[in-house]
Amino acid sequence: APMVVREPIGRWRSSAAQHSQSLESWYAHIPGLVVVCPATPQDNFTMLSAAIRCDDPVVYMEHKNMWALEGEVDLDATAPLGAARVARLGRELTLVAWSAAVHGAREAAETLAAEGGEAEVIDLRSLWPWDKAAVLASIEKTGRLIVAQEAVQVGGFGAEVAATVAERAHAALKAPVKRLGAPRAPIAYAPNLEDRLRVTPAMIAEAARGLLQPA
């Protein structure tokens, strides 16, 4: 059943609960569906091209805050579904994210770099299939994992990543796996309340500092 369904996800300022949802984990739970969550202009081109070529139904989820994002796009580039992208190299900590959370993770990694820390940022790009091999290879190198998502943490796809690492790379872990996600609450309309539900680069950096501290 070759079909691509493009959907907006994520928070737009003061859009309240009706227009601020990130429900990618719902679709990842349904057998047969491919789920794509690009984070860059380049990937929005290459991943959409791959989704159109795919013979399976694809739910293609674009974050509203990234519609205005600009960048160079190579029209000859290709990217297979299910292959992650290493957005930043590092050797002490792995940050896994997708969609808009990738940019927060990269900002946090830059903050850590200024403090002498080295975080590797992995952009999953697609949640199903997802690149277990890339994440596990990074954990073998760093021994530490933070999964950051904009979606509600409870039942989120970050739990799938965390569980897979705990099951298959536990011997390499130097610290407990950390998840960051929104509380299980409706997104508020008021900006000050909305901000309290966000996973920010500062939150990611602070969690990373906690994992990097000597035991």
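Given the residues Ala83, Ala39, Ala133, which is the only one that is surrounded by fewer than 23 Cβ atoms within 10 Å (Cβ to Cβ) and part of a loop (DSSP other than H, G, I, E, B)? Walk me through how you get there before you give the answer.
Values: Ala39 fails: surrounded by fewer than 23 Cβ atoms within 10 Å (Cβ to Cβ); Ala133 fails: part of a loop (DSSP other than H, G, I, E, B).
The match here is Ala83.
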Number of positions in region 66-85 that are within 26 Å of Ser138 (Cβ to Cβ) and under 18 Å from the mean Cα position of the chain (by Cα): 9
Residue selected from region 136-152 under the condition modelled with pLDDT of 95 or more and in a strand (DSSP E or B), by the criterion farthest from Ala109 (Cα to Cα): Gln149
Number of positions in region 160-215 that are open to solvent by 70 Å² or more (accessible area, probe 1.4 Å), assigned to a loop (DSSP other than H, G, I, E, B) and under 16 Å from Glu150 (Cβ atoms): 3
Single match in Asp131, Asp123 (criterion: under 30 Å from Gln21 (Cβ atoms), of a type in the set (Asp, Glu) and touching a Leu at 6+ places or on another chain (Cβ under 7 Å)): Asp131
Residues that are without any contact (Cβ under 8 Å) to a residue 12 or more places away in the chain and either touching a Gly at 6+ places or on another chain (Cβ under 9 Å) or within 17 Å of Glu120 (Cα to Cα) (or both), drawn from region 177-212: Glu206
Checklist (1) open to solvent by less than 20 Å² (accessible area, probe 1.4 Å); (2) outside any strand (DSSP E or B); (3) not hydrophobic (A, V, I, L, M, F, W, C) applied to Thr94, failing item: (2)
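The values are calculated or read from the model by the stated rules, or taken from the named source; none is laboratory data. Computed from a predicted model, the values in this text were never measured in an experiment. In this analysis, Cβ positions are derived from the backbone assuming ideal geometry, glycine residues included, and neighbour counts consider all displayed protein chains. The area values use the complete protein model at the heavy-atom level, side chains included, leaving out ligands, DNA and RNA. Shrake-Rupley method; radii C 1.70, N 1.55, O 1.52, S 1.80 Å.
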